[in-house]
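The values are calculated or read from the model by the stated rules, or taken from the named source; none is laboratory data. Note that this is a predicted model, so its numbers are computed, not measured. Here Cβ is always computed from backbone atoms with ideal geometry, including for glycine, and neighbour counts include all displayed protein chains.
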Amino acid sequence: MGTDDTTKTADRTAPETEGATGPEKVDAGPRPGSLHRGLVAGRAVRFLAVELAGLANTTRERHGLGPAATALAAEGLVAATLMSAWVKGRERITLQIQGESPRFAFLADVDAEGGARARMTPARIKPSADGGLQGLLYAIRADVKKEVYRGVSALEGRTMEDALTHHIRGSEQMDAMLRMGVVQDETGRVKSAAGLLLERLPSEPGLPSIDSETFAHRFAAIREQPAQDLMIALAFGKIAGEEIELLENRDLHWRCACSQERIEAVLYNLGPAELANILEEQGQAEVSCNFCNLAYAVDGPRLQQLIALHAAAGQDGAEA
């Protein structure tokens, strides 16, 4: 998840927003989700904030999740999105959690343009009384060619909030504070899924800084406030009573890479013998995306075309 030093320096020396008068505000209007990043404490601390109730409900609906699984998936999406805020270009963050108690599997991808997708199994889980989790958390940062970073942390009975805080402190060796929260209605639908992450930036010559003790004291109150209240304060340009400098607002949206073409490519790679078996036994192929649960059908004539493509490729290779 790490961030290079040039990114940190650029953020801290960014010019003031043109035409800004008074505290900068975060637009908290309705949308699938939104991410906001900026600086506070005189540019000595960076913040990341997300609200993604819409994305959480899309995950709930696509996977038919019960209330407890929905809450955990919403927390996982918040965690993944907070970790994605510093990726750039064609990079993406993948957060994977293999839960042992309760037993579940969660996977989310978030890219640099705010595209996100997630899956959660099983649809019904029984959470522990204290919200603690056992299992492993994997964080992977990658571009289209290779992995840039991979980290793993044991959950060890921590909540999702505490597990992510532990992971960030361990992977980046930075002082950090985190608050996450999910609010649901009586049906399990998500009303709010929010997160706020503060990270103390390292001391650098000529740049503002605060020490670890000051950071902990100055922002201690956020650990006691509901995440939803923190987002309301942020909408008015404040964190712990201090004015923020807003660097970016980014919309979040559901984005899945599945398509008819990709499904047909997967089937083609099965080889002509397996395609012929499918054609003979089923007459067609139907494949569902693990993330968005959309079903793609490939009919018999198209399967025959895929088989013919293998034959043509073999013939071309023999002639060459």
- Query: Out of all the residues in segment 151-165, is one or more of a type in the set (D, E, K, R), at pLDDT 90 or above, surrounded by fewer than 17 Cβ atoms within 10 Å (Cβ to Cβ) and not in a strand (DSSP E or B)?
  - Reply: yes
- Query: Taking segment 166-188 on its own, how many of its residues are touching a Lys or Arg at 6+ places or on another chain (Cβ under 7 Å), in contact (Cβ under 8 Å) with a residue 12 or more places away in the chain and not small (Gly, Ala, Ser)?
  - Reply: 7
- Please indicate, with yes or no, whether at least one residue in segment 249-265 is of a type outside the set (A, V, I, L, M), touching a residue at least 40 places away in the same chain (Cβ under 8 Å) and more than 21 Å from Thr58 (Cα to Cα). yes
- Note on the structure: Among helices (runs of 4 or more DSSP H) entirely within segment 224-320, at least 1 residues that are farther than 23 Å from Gly54 by Cα and in contact with a His (Cβ under 9 Å, 6 or more places away or on another chain) occur in 260-268, 272-281
- Query: Of the residues that sit in segment 116-142 and are within 19 Å of the chain's Cα centre (by Cα) and in contact (Cβ under 8 Å) with a residue 60 or more places away in the chain, which one is farthest from Ala56 (Cα to Cα)?
  - Reply: Arg141
- Query: Which residues, taken from segment 122-134, are loosely packed, with under 15 Cβ neighbours inside 10 Å and not aliphatic (A, V, I, L, M)?
  - Reply: Pro122, Arg124, Lys126, Ser128, Asp130
- Task: Kindly provide the set of residues from segment 98-117 that are crowded, with 24+ Cβ neighbours inside 10 Å, aliphatic (A, V, I, L, M) and within 19 Å of Val152 (Cα to Cα), ordered by number.
- Result: Ala108, Val110
- Query: Within segment 46-54, is there a residue that is of a type in the set (Phe, Trp, Tyr) and touching a Leu at 6+ places or on another chain (Cβ under 7 Å)?
  - Reply: yes
- Task: Could you grab the pairs with beta carbons closer than 7 Å, sequence gap of 6+ or different chains, first residue in segment 151-165 and polar (S, T, N, Q), second one part of a helix (DSSP H, G or I) and modelled with pLDDT of 90 or more?
- Result: Ser153/Ala163
